[in-house]
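Structure record follows, encoded as structure tokens.
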Amino acid sequence: MRVVVVGATGLIGSRTVARLRDHGVEVVQASRGDGVDLRTGQGLERALRAAEVVVDVTDAPSREKRVSTEFFTTATGNLLKAAAAAGVEHYVALSLVGADRVGSGYFRAKAAQEDLARRATVPYSLVRTTPFHETVAAVAAAGARPDGVHVPPLLLRPVSTDDVATTLAHVAMGLPHFGVLEAAGPEELALRDATAELLAARGRTAPVIADAHVPFFGAVLEERTLLPGPDAHLGHHTFAQWLKSTETNGR
């Protein structure tokens, strides 16, 4: 099996490449560093030659709605057109839980990407994930205020990037779903509590404030919006394990 991973050098892409190679799959890495430009389509024909599967883990340069929508509309459109021309048999795209029910912000951009996959001629699978462990850290950094750290009052099942990569590799090696598979972490946490754990692990004592006015990826969400359905594939790595690993690695 020959699998092309688009966005192969990123946080998820590099791990997905490793998981696929663990299974003996021939992997072609496609990124700007490899001469592939999704905005123009440059390098796609060469990268997709003889490919059976494409795994798309690209991300927009910004989470702002206009920028991210423009990126996914252009990049995914070019990728799917090239995949069809190359005879690719399976397109696997990384998306996020909530893309089907949040009509604003980055969620709207991911929904546009999903719609392109559904309308294309290439058989597809969509893997929607809950927020990564690293996302909690990003939200905490963005929410820093003089009176504490403000975060949305959300419930999450934060997921390990390693678990996401394992799921993507598994889906890529199987038959197309022609639909959605959700991937999530093994435990349900309040974002406020996860943020407090993060700050404590990093020696910070700022109070964490659940603020209903704080957006998440450009959208103001209800408490349970980012929770997956009952059939979600649950990973194994907990948030506490991730925190411990970041301490061990000095991050």
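The values are calculated or read from the model by the stated rules, or taken from the named source; none is laboratory data. The structure displayed is predicted, hence computed values, not measured ones. No Cβ is skipped: glycine too gets one built from the backbone with ideal geometry, and neighbour counts run over all protein chains shown. SASA here: full protein model, heavy atoms, side chains in, ligands and nucleic acids out. Shrake-Rupley method; radii C 1.70, N 1.55, O 1.52, S 1.80 Å.
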(request) May I ask which residue of TYR91, HIS133, VAL149 lies farthest towards the positive end of the charge dipole of the range 78-153, with charges of +1 (Lys, Arg) and -1 (Asp, Glu) on Cβ and the Cα centre as origin? (result) TYR91
(request) Please list, or write none, the lysines whose alpha carbon is within less than 30 Å of the alpha carbon of LYS110, excluding same-chain residues fewer than 8 places away. (result) LYS65, LYS81
(request) Would you mind working out the accessible area per residue for the range 114-196, using a 1.4 Å probe, and quoting it in Å²? (result) 37
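In whole percent, and with a 1.4 Å probe on the protein chains, what portion of the accessible area of the range 168-217 is carbon and sulfur? Kindly include the intermediate steps, with their values, before the conclusion.
Details: 1470 of 2570 Å².
The nonpolar share, carbon plus sulfur, comes to 57 percent.
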(request) Quick one, could you list the DSSP H helices from the chain stretching 20 Å or more along their long axis (Cα atoms) with average Kyte-Doolittle hydropathy of 0.0 or above? (result) 65-86
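If a/c stays under 1.5 just call it rounded; otherwise compare a/b with b/c (prolate if a/b is bigger, oblate if not). Do that for the range 1-129, with a ≥ b ≥ c from the square roots of the Cα gyration tensor eigenvalues. Let's see the in-between values first.
Numbers: a/c = 1.56, a/b = 1.47, b/c = 1.06.
Prolate, since a/c reaches 1.5 and a/b exceeds b/c.
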(request) Calculate how large, on average over all directions, the projected area of the Cα convex hull of the range 169-220 is; give the answer in nm² to one decimal. (result) 6.2
(message) Can you compute the radius of gyration and Dmax for the range 78-160, using only the Cα atoms, both in Å?
(response) 16.6, 56
(request) Before anything else, pin down the relative contact order of the range 106-251: Cα pairs under 8 Å, at least 6 apart, normalised by residue count, whole percent. (result) 34
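In the chain, what percentage of the DSSP-assigned beta bridges are antiparallel, given to the nearest 5?
Values: 6 of 35 bridges.
Expressed as a percentage, antiparallel bridges in the chain total about 15.
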(message) For the pair ASP37/SER62, report the inter-label distance in nm, with labels modelled 7 Å from Cα in the Cβ direction.
(response) 2.0
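Net charge within 12 Å of ARG192 by Cβ-Cβ distance, Lys/Arg positive one each and Asp/Glu negative one each, not counting ARG192 itself?
The answer is -4.
Need one number for the range 175-251: average projected area of the convex hull over its C-alpha atoms, nm². Before the final figure, lay out the partial values.
Numbers: hull surface 29.8 nm².
If you wrap the Cα atoms of the range 175-251 in a convex hull and average its projections, you get 7.5 nm².
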(request) Would you mind getting me the FRET efficiency between THR238 and HIS170? Use the beta-carbon distance for r and R0 = 30 Å, nearest 0.05. (result) 0.90
(request) Among (i) 54, 52, 32; (ii) 55, 36, 36; (iii) 61, 47, 28, find the value of Cα extents along the principal axes in Å that was calculated from the structure presented, and write down its label. (result) (ii)
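About the Cα centre of the range 101-216, how large is the charge dipole given +1 on each Lys and Arg Cβ and -1 on each Asp and Glu Cβ? Please answer in debye to the nearest 20. Could you put the intermediate results ahead of the total?
Working: 11 positive and 12 negative charges, 78 e Å.
Its charge dipole is roughly 380 debye.
Please give the contour-minus-distance gain from PHE178 to ASP115: 0.36 nm per residue of separation, less the Cα-Cα distance, rounded to one decimal in nm. Display every interim value, and only then the final one.
Details: separation 63, 0.36 × 63 = 22.68 nm, distance 1.20 nm.
Extending this stretch completely gives an extra 21.5 nm.
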(message) What distance in nm separates the two pseudo spin-label positions at ASP231 and ASP193, each 7 Å out from Cα along the beta-carbon direction?
(response) 2.8
(request) Would you give the gap between the C-alpha center of the range 1-31 and the C-alpha center of the range 140-166, rounded to a whole Å? (result) 26
(message) Can you give me the % of accessible surface on the range 1-107 that is carbon or sulfur? Probe 1.4 Å, all protein chains present, nothing else counted.
(response) 47
(message) What number comes out for accessible area per residue over the range 48-111 if the probe is 1.4 Å? Units Å², please.
(response) 38
(message) Suppose each label sits 7 Å from its Cα in the direction of the beta carbon; what would the ALA141-ALA200 distance come out to in nanometres?
(response) 2.3
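Over the chain, what relative contact order in percent results from Cα pairs under 8 Å that are six or more residues apart? Intermediate values should be presented prior to the final figure.
Details: 514 pairs, mean separation 48.2, N = 251.
Relative CO of the chain lands at 19 percent.
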(request) Only Lys, Arg, Asp and Glu count, each charged at its Cβ (+1, +1, -1, -1), so figure out the dipole size of the chain about its Cα centre, rounded to 20 debye. (result) 480
